[in-house]
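A quick write-up on the structure given underneath.
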Amino acid sequence: MSDAILGISAYYHDSAAVLLRDGVIVAAAQEERFSRRKHDAGFPHHAAKYVLREGGLDLSDLTAVAFYDKPYLKFERLLETYNGFAPKGLTSFLSAIPVWIKEKLFMRKMLGEELARLGEDSPQILFPEHHLSHAASAFYPSPFEEAAILTVDGVGEWATTTICKGSGKDITVLKELHFPHSLGLLYSAFTAFCGFKVNSGEYKLMGLAPYGDPDSDRVARWKQAMYDELMDVREDGSLLLNMDYFNYATGLTMCNNARWEALFSVPPRRAESEISQEYMDLALAIQQVTEEVVFTLAGTARDLTGCDNLVMAGGVALNCVANGKLLRRGTFKDLWIQPAAGDAGGALGAALAARHIWQGRERTPEPGDAMRGAYLGPEFGEADIRRTAGLHDAPFKKYDDFGDLAGDVADLLAEGNAVGWFQGRMEYGPRALGNRSILGDPRHPEMQKKLNLKIKYREGFRPFAPSVMKEAIGDWFDLSRPSPYMLLVAPVADSRLKPLPDDYATMSMYDRLYVQRSTIPAVTHVDNSARIQSVSRATNPRYWTLINAFDRAHGCGLVVNTSFNVRGEPIVCTPDDAYACFMRTEMDYLVMGDCLFAKPDQPEWREKGDWRDQFELD
């Protein structure tokens, strides 16, 4: 009998399920991909069914189910917080506590009932702490025998930041920072104040920051105000927030907007309104402060553990700008970040903690890492693709030689077409890594605008990532190591840059954005940086073959890669999802498996109602 553990994260955001068998990650997926509800927080029924099916197992075959946090500790935190801030927070208290008393206090029973819907003979349910789940997801799949572990997010039960040491099969917690003092919640508060949605808009704030003026007195003044008024950052990177400025501990909003407006002399930005330079500068200021705190925390982790390598998880670990700068600082020899660093990755960490800590099983690090490229979701074959095509009377060209398909698609990209690319197993985590992607030519001067406004239907300022052949990274970027999970930002190589116009600094946001600042403008952000995904022939041979064909035919060893979805929609999972997204947008071509669909050949797309109503803007 094999040893099989089901990991579950649920009931906050980004619920997910993971199957671990004999220590190997068999399958992992987020519930949103099946339910088509972005950041779905419900019990991951579809994801759990999928991972069990992928492993050929029933619930009765499992050794244990591991849930990613401890509900009783979280309830304790809620009660103590409301008590500590009373009489403030009555409205929030009356909203939250009845749900806990009715359901969440009885999480073991509730989970048992949900699991019973998956099958009989539910196994033992384990509850590792939230940040231990994050730490386990960062350390155990990493290539390191020993490493410092840094986890930073909004909040788990009590912890908001932890520094641990991983060695062999063991994880030792060395330091914790507790709620309400949280770097993640601080960043989310600025996300909300700048008019973006908490728990999904933080990456927009990160993308907005380079539009800020790093030489302005305003950025410097606001940074100092943050340090003086909002928080007290200690020498070890821990921080104390001035809760007079924040409502999240007991309220229904993140900030005390009146105090923030008095501090920064700007009102909270209204969602979807025009973004003025003040908010760009505010985004830059908090991004710089966040980086400085992360660097200090990393230095403390180095001092406490004596380790040469660092691993990271938690939502703040998705701040790839900070990650890239941390790597270049050289505090550690190497850095590995869990690709599903947010709560979805907690399902993986819970399962791994159950195996190595609860069971005490030994661990053997794998070269590269144990994530298998994060290609851990469902895969669909030719029969599934033909079934979707038949349902819509959709004509396509079937290729017998994948090399021929790659060559033709390379030419289509070079002609300025946007191509949906649907291959193999779906990615686990927030990034599309070449199996559920929309691709373009990074040299095309209009590609960034086309993808944002005509296909993704999202804010025009947002940057796109390059997927570059692993062998060609140094030809295009100032980066000397792989970045397989799109979690490192690095400068575009100087040899690829173009001179900026004399009046660049005084241009408006979008005028600056559309300046051709490099030979690959579609993936070069306004600060001449790029969020890089390196593509390995060993990990994703089909994607690598396509990019190689593009390089051989057109002299460019990279493509634009953005996730296969529109704004507010989860990344596509099935051929049906992919074809619908293709037809709803101005995408030009769709490749599923060995089949090429051309937009001009497709029948008119018909569906009841406005499909945009299905997706809430993120």
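Only residues that are part of a helix (DSSP H, G or I), touching a residue at least 60 places away in the same chain (Cβ under 8 Å) and open to solvent by less than 50 Å² (accessible area, probe 1.4 Å) were counted in segment 584-618, giving 0. Within this structure, Glu32 passes the test of being among the charged types (D, E, K, R) and within 23 Å of Glu113 (Cβ to Cβ). Here Leu348 passes the criteria (1) outside any loop (DSSP other than H, G, I, E, B); (2) over 27 Å from Leu186 (Cβ atoms); (3) not small (Gly, Ala, Ser) except the one numbered (2).
For segment 525-556, the set of residues classified as assigned to a loop (DSSP other than H, G, I, E, B) and either of a type in the set (Lys, Arg) or touching a residue at least 40 places away in the same chain (Cβ under 8 Å) (or both) consists of His525, Val526, Asp527, Ser536, Arg537, Thr539, Asn540, Cys556, listed by residue number.
Which members of segment 309-334 meet the condition of being outside any helix (DSSP H, G or I) and touching a residue at least 40 places away in the same chain (Cβ under 8 Å)? Of everything in segment 309-334, those that are outside any helix (DSSP H, G or I) and touching a residue at least 40 places away in the same chain (Cβ under 8 Å) turn out to be Asn309, Leu310, Val311, Met312, Ala313, Gly314, Asn319, Phe332, Asp334. Look at segment 568-579: where a residue is touching a residue at least 40 places away in the same chain (Cβ under 8 Å) and at negative phi and a partner is of a type in the set (Lys, Arg) and in a loop (DSSP other than H, G, I, E, B), sitting 6+ places away or on another chain with Cβ atoms under 7 Å, you get Glu569/Lys38; Pro570/Arg36; Pro570/Lys38. I'd like to check something: does segment 362-372 contain any residue that is buried (at least 23 other Cβ atoms within 10 Å of the Cβ) and modelled with pLDDT of 95 or more? For segment 362-372, residues buried (at least 23 other Cβ atoms within 10 Å of the Cβ) and modelled with pLDDT of 95 or more: present. Would you confirm, using the coordinates I've provided, whether Ala414 is open to solvent by 10 Å² or more (accessible area, probe 1.4 Å) and not polar (S, T, N, Q)? It is true that Ala414 is open to solvent by 10 Å² or more (accessible area, probe 1.4 Å) and not polar (S, T, N, Q).
Of everything in segment 328-361 that is within 21 Å of Lys169 (Cα to Cα) and charged (D, E, K, R), the residue that is most open to solvent (accessible area, probe 1.4 Å) is Arg361. Comparison of Met254, Met231 shows that the only residue that is touching a Ser or Thr at 6+ places or on another chain (Cβ under 8 Å) and either open to solvent by less than 50 Å² (accessible area, probe 1.4 Å) or at pLDDT 95 or above (or both) is Met254. Scan segment 504-521 and tell me whether some residue there is closer than 23 Å to Asn548 by Cα, buried (at least 23 other Cβ atoms within 10 Å of the Cβ) and not basic (Lys, Arg). Yes, segment 504-521 has at least one match. Of the residues contained in segment 93-101, one or more are found to be farther than 23 Å from Thr331 by Cα, in contact (Cβ under 8 Å) with a residue 60 or more places away in the chain and either out of contact with any His (no Cβ under 7 Å at 6 or more places or on another chain) or part of a helix (DSSP H, G or I) (or both).
Just one of the listed residues (Ala394, Ala406) is in a loop (DSSP other than H, G, I, E, B), open to solvent by less than 60 Å² (accessible area, probe 1.4 Å) and of a type in the set (A, V, I, L, M, F, W, C), and it is Ala394. The set of residues from segment 236-293 being in a helix (DSSP H, G or I) and hydroxyl-bearing (Ser, Thr, Tyr) comprises Tyr245, Tyr279, Thr290. Filtering segment 144-164 to residues that are part of a strand (DSSP E or B), in contact (Cβ under 8 Å) with a residue 40 or more places away in the chain and either polar (S, T, N, Q) or closer than 18 Å to Asp369 by Cα (or both) leaves Glu146, Ala147, Ala148, Ile149, Leu150, Thr151, Thr161.
Being within 30 Å of the chain's Cα centre (by Cα) and open to solvent by 10 Å² or more (accessible area, probe 1.4 Å) is true of Ile125. Take segment 80-92 and flag every residue that is without any contact (Cβ under 8 Å) to a residue 40 or more places away in the chain and either crowded, with 19+ Cβ neighbours inside 10 Å or within 30 Å of Leu6 (Cβ to Cβ) (or both). None - no residue of segment 80-92 is without any contact (Cβ under 8 Å) to a residue 40 or more places away in the chain and either crowded, with 19+ Cβ neighbours inside 10 Å or within 30 Å of Leu6 (Cβ to Cβ) (or both), so the list stays empty.
Only residues that are among the aromatic types (Phe, Trp, Tyr) and in a helix (DSSP H, G or I) were counted in segment 41-56, giving 1. Pairs linking a residue in segment 243-255 that is touching a residue at least 40 places away in the same chain (Cβ under 8 Å) and among the polar types (S, T, N, Q) to a residue that is part of a loop (DSSP other than H, G, I, E, B) and open to solvent by less than 30 Å² (accessible area, probe 1.4 Å), with Cβ atoms under 8 Å and 6 or more positions apart or on different chains, are Thr250/Gly89.
Screening Tyr50 with (1) within 29 Å of the chain's Cα centre (by Cα); (2) hydroxyl-bearing (Ser, Thr, Tyr); (3) open to solvent by 50 Å² or more (accessible area, probe 1.4 Å) gives one miss only, at (3).
Checking each residue of segment 257-274 against the condition of being farther than 23 Å from Thr162 by Cα, hydroxyl-bearing (Ser, Thr, Tyr) and surrounded by fewer than 21 Cβ atoms within 10 Å (Cβ to Cβ) gives at least one match.
Report the residue count in segment 425-447 for those that are out of contact with any Gly (no Cβ under 9 Å at 6 or more places or on another chain), open to solvent by 10 Å² or more (accessible area, probe 1.4 Å) and of a type outside the set (Lys, Arg). Total meeting the criteria: 1.
Number of residues in segment 496-521 that are closer than 13 Å to Arg443 by Cα and outside any loop (DSSP other than H, G, I, E, B): the value is 4. Can you pull out the residues in segment 295-308 that are in a loop (DSSP other than H, G, I, E, B) and open to solvent by less than 10 Å² (accessible area, probe 1.4 Å)? Answer for segment 295-308, where residues must be in a loop (DSSP other than H, G, I, E, B) and open to solvent by less than 10 Å² (accessible area, probe 1.4 Å): just Cys307. Selection of first residues in segment 388-415 that are farther than 12 Å from Leu596 by Cβ and free of Cβ contacts under 8 Å to residues at least 12 places away in the same chain and of second residues that are in a helix (DSSP H, G or I) and open to solvent by 60 Å² or more (accessible area, probe 1.4 Å), restricted to Cβ pairs under 8 Å at least 6 apart or on distinct chains, gives an empty result.
The values are calculated or read from the model by the stated rules, or taken from the named source; none is laboratory data. If you're wondering where the values come from, they're calculated on a predicted model, not measured in any experiment. FYI the Cβ positions are ideal-geometry reconstructions off the backbone, even for glycines, and counts take in every protein chain you see. Just the protein is used for accessible areas: all its heavy atoms, side chains included, with ligands, DNA and RNA removed. Shrake-Rupley method; radii C 1.70, N 1.55, O 1.52, S 1.80 Å.
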